[in-house]
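Single-structure report; data block below.
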Amino acid sequence: MPFFMDFSQSFCTIWRTLRFISRARSTRIASPRVISRIYWLPTERNFFLLAAKRSDDSKYDDRRYLSSYCLVAAIGLAFCSNNDRDNNEEFLLAAKNSNIASLKRGLSNGVDVNCRHQLGWTALHVSVINGNKKAVEWLIKVGGANVNTQDEYSSARRMARVLKASHHQIAQLREHHFCSFINPYATYTGFTPLHYAVITDNEDIIQLLLDNGANPSIEDSMGRTPINYCTNESVRKLLEKYSVKFEENELRKRLEERRKYPLEDRLRNHLVGQEGAITTVASAIRRRELGWNDTDHPLVFLFLGSSGIVVAKLIGAPPGYIGYDQGGQLTSLLKQCPNALVLFDEVEKAHPDVLTVLLQLFDEGRLTDGQGNTISCKDAVFVMTSNLASEEIAQHGLRLRQEAINNIMRDDDGKETVEISRNFKENVIEPILKHHFHRDEFIGRINEIVYFLPFSRSELQKLVEQELIVWQKRAMERHQIKLTWDREVLDVVSDGYNVKYGARSIHHEVERTVVNQLALAYEKEYISKGSSVHLIVKKEGNEGRGPLVSIKVLNDKNSLGTKQTKSLAKPVLPFGQ
């Protein structure tokens, strides 16, 4: 008696039932004379055929076959929990058979046009490989399918290891549900619909995909683009033509996006002040992105303002040493992503041997690992941070800010652009760098030295406000407490700024002057869930300590349920005051 079921989702449910009935240890269930064996056979639908053989032994009456009915019940329960999976499977099957009516029905039932088979492909992949042009056109133009989606199917053996199944079953699934004329044991990870169209040499579908935005430059897991699989010269020329056209369109889109939303504005969303640093970084990135740069060298920044690395971790151990076959952390990652953004934190702590490696990296745009392999990284961006001259910047902070104010210029947008003096760069910063690194050529390979200035008063107030907004959200999310503050609070908290520690000192000052009081008031039940707390500044009666932040509780409810307004008699002083 045949039954149809979704093997991947229903097997566990059915197997538990069978074990309960028969206490079987393998695929045999009940008595071998009653039901000899269960077989899973692939069918034309996206399910498995479950067949049970009954014994002809007349010694067993019908009551002994109760397990068969329990099996039916288990399969029915499994079906009830797999409606969504079934809809997806039917949608993929419709794409394989170019059944437009079933595709429309699936889309109306809420099926995602980009849904995947349990082995990794989408409806667009399966319709392309089977040459169903009408289905391809419908999926793209009506369904809105992603023309650049990549297949997740690797090979039958790899998928079998992942899914804990037989590679023969995986191969049969691939042949029955995807395509029967390609090798199921080959690797197809990263294949786009255009890859499949090229290997089938279907020029009509290739043209259709390219006209609808298919990217000919996408690489599969082996690093190959569709053109690498091309054997037809006319198709090769078509792909080369559209590759250039696609790159031009992408560049045009990026330029339009940059005009609408400049890089400087994006950086300002994450930084307070630091106009000089923002301008320097944005200008260098703009040169590189638009092709106005030296293509033989990577882009290198050194960030200065308010841990050494072992060479083997960068390039890998030399032959004969432990870890030789693993490669270095830096070289391995750059090999995978040659245009990466790489951060070297506190570079002044690096060993001189590391600086030798970095000099080769910055000067030649390539790196040789411990195995002798050369990795090119001319398109990468390298950012180094350093605490060198941080003490000098802190000591000269006030004078530096005054010099910056004297050198203020206004750009076309009316915004202030702060520039530090050239005298400070040449007479203070550069001697410190040369004395530490002992290599002028290393410093010479740095494209831009970016200076982060001490904050102005208005920038400090903005930092304080941002910190208070963070705690305002936390108070509401964690305790349902509404937190507000007077403008004067920003001035008082800003006084805790320490030029040596930069924005981190503001973070700690907010915790000391505001959050400590909120926590203590919550512990003493001055405030509770539903309270409204307002931060104020007390200027009198503080025993010469100056203005201090205090909290005022508004619209709180006491135990009788009546509203009251109260202020803490004495602010909670930060530790150490």
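Starting with the fewest neighbours, write out Glu275, Glu523 ranked by other beta-carbon atoms found within 10 Å of each beta-carbon.
Glu523, Glu275
Determine, for Ile469, Ile481, the number of other Cβ atoms within 10 Å of each Cβ, and report the residues in order from fewest to most.
Ile469, Ile481
Below 8 Å, C-alpha to C-alpha, sequence gap of six or more: please give me the relative contact order for region 84-250 in percent.
18
Taking the Cβ of each residue in His438, His508 as the centre, tally the other Cβ atoms inside 10 Å and list the residues starting with the fewest.
Least crowded to most crowded, the residues run His438, His508.
Starting from the Cα-Cα distance between Glu233 and Arg266, subtract it from 0.36 nm times their residue separation and give me the gain in nm to one decimal.
So the extension gain works out to 7.4 nm.
What is the distance in Å between the Cα centroid of region 191-238 and that of region 102-132?
Cα centres, region 191-238 to region 102-132: 20 Å.
All of the numbers you see were taken from the coordinates with simple rules; none came from a lab. Being a predicted model, the structure only gives us computed values, none of them experimental. With ideal geometry, Cβ positions are generated from the backbone for all residues, glycine too; neighbour counts draw on all protein chains shown.
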